[in-house]
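K.L.:
Following this message is one structure expressed as structure tokens.
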Amino acid sequence: GAVVSQHPSRVICKSGTSVKIECRSLDFQATTMFWYRQFPKQSLMLMATSNEGSKATYEQGVEKDKFLINHASLTLSTLTVTSAHPEDSSFYICSATPGQLAKNIQYFGAGTRLSVL
Amino acid sequence: AQSVSQHNHHVILSEAASLELGCNYSYGGTVNLFWYVQYPGQHLQLLLKYFSGDPLVKGIKGFEAEFIKSKFSFNLRKPSVQWSDTAEYFCAVRLGYTGTASKLTFGTGTRLQVTL
């Protein structure tokens, strides 16, 4: 099946630093990637939808200048948490979908746990 | 905006017991429905999906789900659970229309714990 790799799996950083998270589709081309955030004991909340070669579409309430998304190729999307603060600590998950057919399924990465000290 | 409700937050069952996890959504139009499973320390995996046709869908590992349009429900079932089914289960809804891939709305998840 389709594999999505997310790196790093865990990152600890100091407040004020920026952190980059990578999401790669290993065996398919992902025209669309999604970035989610999951708080403890809560559901996945969609942050943004990323289409290759165009600007990401952010969900309401998500600061685009805080969470920079770059989908530079058909197999790679990155999420950069800029000037991270403790309230940004969370579990970030990406997913990718091949092609643009409505029936295409989202394949998920294993997630990145971000801890900001 | 659509929302998804999973009323069971934590379910504990003995092995061989039957399972039913509830999922309700709030959207009157055409929807695509999904159940994902997340085993401890692993990524989300698709269990089953419904797009159209037979409202009773069968997925992997003996799971099935029934779409009842009148009740806006898509409950997950398994006749006999195994210890290895211990995991977090998420119901998700996507607005169903042809075209570009569209976003999923997830429920809050149900943690299933199966005891020996």
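K.L.:
Name the residue farthest towards the positive end of the dipole of the protein assembly as shown from the options B:GLY59, A:ALA48, B:GLY29, assuming +1 on Cβ of Lys and Arg, -1 on Cβ of Asp and Glu, about the Cα centre.
P.N.:
A:ALA48
K.L.:
Next up: For the protein assembly as shown, list the cysteines whose Cβ sits under 4.7 Å from no other cysteine Cβ?
P.N.:
Within the protein assembly as shown, the cysteines lacking a partner Cβ under 4.7 Å are A:CYS13.
K.L.:
Could you derive backbone 3J(HN,Hα) for segment B:26-35 from the dihedral phi with the Karplus parameters 6.51, -1.76 and 1.60 (θ = phi - 60°), listing whole Hz in sequence and x where the residue is Gly or Pro?
P.N.:
10, 6, x, x, 6, 10, 10, 10, 9, 10
K.L.:
For chain A, modelled as a Gaussian network with Cα springs under 10 Å, which listed residue fluctuates most, A:THR49, A:THR32, A:THR82?
P.N.:
A:THR82
K.L.:
For A:MET47, which sequence-distant residues (separation of 5 or more, or a different chain) have an amide H within less than 5 Å of its own amide H, given hydrogens modelled in the peptide plane?
P.N.:
HN-HN under 5 Å from A:MET47: A:TRP35, A:TYR36, A:ARG37.
K.L.:
Could I ask something else about it? Which value results when the Cα radius of gyration for segment A:1-99 is divided by 2.2 N^0.38 Å? Write out the running numbers ahead of the final one.
P.N.:
Values: Rg = 13.0 Å, N = 99, 2.2 N^0.38 = 12.6 Å.
So segment A:1-99 has a normalised radius of gyration of 1.03.
K.L.:
A further question follows. Taking chain A as a Gaussian network, Cα atoms linked when under 10 Å apart, which of A:GLY61, A:GLY53, A:GLY16 shows the biggest mean-square fluctuation?
P.N.:
Result for chain A, Cα springs under 10 Å: A:GLY61 fluctuates most.
K.L.:
Can you pull the semi-axes for segment B:33-116, root of five times each eigenvalue of the Cα gyration tensor, sorted largest first, whole Å?
P.N.:
23, 15, 11
K.L.:
Two decimals is fine: what's Rg over Rh for segment A:4-53, C-alpha atoms, Kirkwood radius as Rh?
P.N.:
Ratio of gyration radius to Kirkwood radius for segment A:4-53: 1.00.
K.L.:
Separation between the A:ASP65 and B:TYR27 pseudo-spin-labels, each 7 Å from Cα along Cα→Cβ, expressed in nm?
P.N.:
3.2 nm
K.L.:
Over the protein assembly as shown, what lengths in whole Å, largest first, do the semi-axes of the equivalent ellipsoid take, defined as the square roots of 5 times the eigenvalues of the alpha-carbon gyration tensor?
P.N.:
The equivalent ellipsoid of the protein assembly as shown has semi-axes of 30, 21, 16 Å.
K.L.:
Search the structure for amide H atoms under 5 Å from the amide H of A:THR75, placed 1.01 Å from N in the peptide plane, and list their residues when 5 or more places away or on another chain.
P.N.:
A:ALA30
K.L.:
Please list, in order along segment B:107-116, the HN-Hα scalar couplings obtained from phi with the Karplus expression 6.51 cos²θ - 1.76 cosθ + 1.60 (θ = phi - 60°), rounded to whole Hz, x for Gly and Pro.
P.N.:
Per residue, the Karplus-derived 3J(HN,Hα) values read x, 6, x, 10, 8, 9, 10, 10, 9, 7 Hz.
K.L.:
Take chain B, connect every pair of alpha-carbon atoms lying under 10 Å apart with a spring to form a Gaussian network, then pick out the residue of B:LEU47, B:LEU76, B:LEU56 with the largest mean-square fluctuation.
P.N.:
B:LEU56
K.L.:
For the charge dipole of chain B, defined by +1 on Lys and Arg C-beta atoms and -1 on Asp and Glu C-beta atoms about the Cα centroid, which residue among B:TYR89, B:GLN2, B:ILE12 has the Cα displaced farthest towards the positive pole?
P.N.:
B:GLN2
Every number here is computed from the coordinates shown, using simple stated rules; none is lab data. Values in this document were obtained by computation on a predicted structure and should not be read as measured data. Using ideal geometry, Cβ is built from the backbone for each residue, glycine included, and neighbour counts are taken over all protein chains shown.
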